[in-house]
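Peer 1: This is the structure, below, for whatever I ask next.
The values are calculated or read from the model by the stated rules, or taken from the named source; none is laboratory data. Predicted model, so just to flag it, every value in this text is computed and none were measured. Glycine also receives a Cβ, built like all others from the backbone with ideal geometry; neighbour counts cover every protein chain displayed. With ligands, DNA and RNA removed, areas are computed over all heavy atoms of the protein, side chains included. Shrake-Rupley method; radii C 1.70, N 1.55, O 1.52, S 1.80 Å.
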Amino acid sequence: MYKIYVTRKIPEAGILMLKEKGYEVNVSTKGAPLTKGELVTALKEKPYDAVLSLLTDSIDKDAFDAASSAKIFANLAVGVNNVDLKEAKARGVIVSSTPGVLTNTVAEHTFALLISLACRIVEGDRFLRAGKYIGWDPLLFLGTDLQGKTLGILGAGRIGESVASKAAFGFGMKIIYYDVRQNETMEKKLGATFKATAEEVLKDADFISIHVPLLPSTHHLMNADRLRMMKKTAYLINTSRGPVIDEAALVDALKNNVIAGAAIDVFENEPNLAPGLAELENVIITPHIASATVKTRDKMAELAAANIIEVLEGRKAPNAVKEN
C-alpha cells in the first residue's frame, strides 16, 4: 500500500481521490504551517511514497533526506519557489504544481482589488462603519474611472493575460505589458502593446498588476526606485508572490504619496506585514486568498492528487515542473 503524507489539511476532494486508490493518507493535524523541524520529523515517521506539499513548506535537502523513499512532491500551488528543484533533479524526485485551474479565479480577485482601489470601496466601508458618514457629499471619496485608463501588466502568462482580457473587454482599458517573452495572443486579441522594459510600463500605466513568478531576477522587482517611476496617480496590485515587492519601500511610497495606492494579497514575510502597512488608508490587504473559491481549491487538490496517482502508477506527472 502506497503511503502519502499531506503537510496540511486540504480540500477533501483531493484526499478522497488518493483514498479511493487504496493509498494510506496521513494528513498533518497541526492546523497551521509546519516548521521546518516539524516537517522533517513528520516525513521521517513512515517510508512515504509521495508528499503533497503546500507553498508554506520549505522543501529542501533536509526534506528530501527525511522522505528519501518519496517519488514525487506534489506542490499545491502554481509556483514552486518553496522547492529546491536542483536538489529534486539530482535525486530523481519529481516535483509537480497545479497550474491553469486557478487562472480565472486569481484574475477575478485581482480585478476585484483593482476596482476597489479605483472606487475607494474599502476606504468608504471603514469610514461608514466608524460612524463618520453624515450625508451625501459631492467631494466625498472621489475615485477614478477605468474606461480609457492604461493597465500595465508585469508578467503576461495565463493570469496576466486573463486580467488584461477583463480590463480590455469589460472596461475598455488600454493594455501595455512587459514579460521576458512577447505574448502575441494578447497583442492580437486585446490590442496590447509590448514594452521592452518594465520601466516603460511603470512610467505609462495608471494601474500596475504584477503576475511574475518568484525568481532571483524578480525578487524586489518593485523597489524604491521603480515605485518612484510610477505616476503619482497610479495604483499597484500584486497577487503573485510577496517578495517581488520591497514591502518597506512600498510603505514609504504610500506614506509619502509617491503613488496613489496599492492592493496586495501576498506579503514579503508572510504572515507578517511590514511595519506600518496595516495602518495605511491607501492600501487594501487580503490574506493570500486570490485563489480561494470552493471550486478552484477543490480543483487544485484534485490536480495535486492526480499527479501523485500518475507517478505511483508508473506514468508521467501531467504537471511536472522542470528546473529553470
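Peer 1: If you roll a 1.4 Å probe over the heavy atoms of the protein chains, what accessible area per residue do you get for region 94-142, in Å²?
Peer 2: That works out to 55 Å² per residue.
Peer 1: Separate question: Can you spot the lysines whose alpha carbon is less than 20 Å from K30's alpha carbon? Ignore those fewer than 8 places along the same chain.
Peer 2: K3, K9, K44, K46
Peer 1: Once you have the alpha carbon radius of gyration of region 171-324, what is it after dividing by 2.2 N^0.38 Å, with N set to its residue count? Kindly include the intermediate steps, with their values, before the conclusion.
Peer 2: Details: Rg = 18.1 Å, N = 154, 2.2 N^0.38 = 14.9 Å.
Cα-based Rg divided by the globular estimate yields 1.22.
Peer 1: So how strong a dipole does region 239-324 carry about its Cα centre when Lys and Arg Cβ are +1 and Asp and Glu Cβ are -1, to the nearest 20 debye?
Peer 2: Numbers: 8 positive and 13 negative charges, 90 e Å.
About 440 debye.
Peer 1: Please report, in debye to the nearest 20, how large the charge dipole of the chain is about its Cα centre when each Lys and Arg carries +1 at its beta carbon and each Asp and Glu carries -1 there.
Peer 2: Numbers: 39 positive and 39 negative charges, 96 e Å.
About 460 debye.
Peer 1: Rounded, prolate or oblate for region 187-258? Axes are the square roots of the Cα gyration tensor eigenvalues, ordered a ≥ b ≥ c, and the cut-off for rounded is a/c under 1.5.
Peer 2: Details: a/c = 2.00, a/b = 1.29, b/c = 1.55.
Taking the square roots of the gyration eigenvalues as a ≥ b ≥ c, region 187-258 is oblate.
Peer 1: Once you have the Cα-Cα distance between I134 and T197, take 0.36 nm times their residue separation minus that, and quote the gain in nm to one decimal. Mind dumping the intermediate values first?
Peer 2: Values: separation 63, 0.36 × 63 = 22.68 nm, distance 4.72 nm.
Value of the extension gain: 18.0 nm.
Peer 1: From zero outward in steps of 10 Å, how is the percent of C-alpha pairs of the chain spread across the bins?
Peer 2: 6, 25, 30, 22, 14, 4, 1
Peer 1: Another question, if that's okay. Size of the dipole of region 62-168 about the Cα centre, Lys and Arg at +1 and Asp and Glu at -1 on the beta carbon, nothing else charged, in debye to 20?
Peer 2: Working: 11 positive and 10 negative charges, 17 e Å.
Magnitude of the dipole: close to 80 debye.
Peer 1: Further question on the same structure: Using the heavy atoms of the protein chains alone and a 1.4 angstrom probe, what is the accessible area of region 1-60 per residue in square angstrom? Spell out each step's value before the answer.
Peer 2: Values: 2960 Å² over 60 residues.
Result: 49 Å² per residue.
Peer 1: Using the heavy atoms of the protein chains and a 1.4 angstrom probe, tell me the accessible area per residue for region 257-324 in square angstrom. Intermediate results must be reported in sequence, preceding the final value.
Peer 2: Details: 3430 Å² over 68 residues.
On a per-residue basis, 50 Å².
Peer 1: Based on the alpha carbon coordinates of region 1-111, what radius of gyration and maximum Cα-Cα distance (Dmax) apply, in Å?
Peer 2: 14.0, 45
Peer 1: Give the cross-link partners of K231 among the lysines, using a straight C-alpha distance below 29 Å as the criterion and excluding same-chain residues fewer than 8 apart.
Peer 2: K149, K166, K174, K188, K189, K195, K203, K255
Peer 1: With all protein chains present, how much of the accessible area of the chain (probe radius 1.4 Å) comes from carbon and sulfur, to the nearest whole percent? If you can, show how the numbers build up before the last one.
Peer 2: Numbers: 8290 of 15670 Å².
Whole-percent figure for carbon plus sulfur exposure: 53.
Peer 1: What FRET efficiency would be calculated for the residue pair L16, K44, taking the C-beta separation as r and a Förster radius of 30 Å, to the nearest 0.05? It would help to have the intermediate numbers written out before the result.
Peer 2: Values: r = 27 Å, r/R0 = 0.88.
Plugging the Cβ-Cβ distance into 1/(1 + (r/R0)^6) gives 0.70.
Peer 1: Please list, ordered by chain and number, the residues whose modelled amide H lies under 5 Å from the amide H of T150; skip anything fewer than 5 residues away on the same chain.
Peer 2: Long-range HN contacts for T150: K174, D206, F207.
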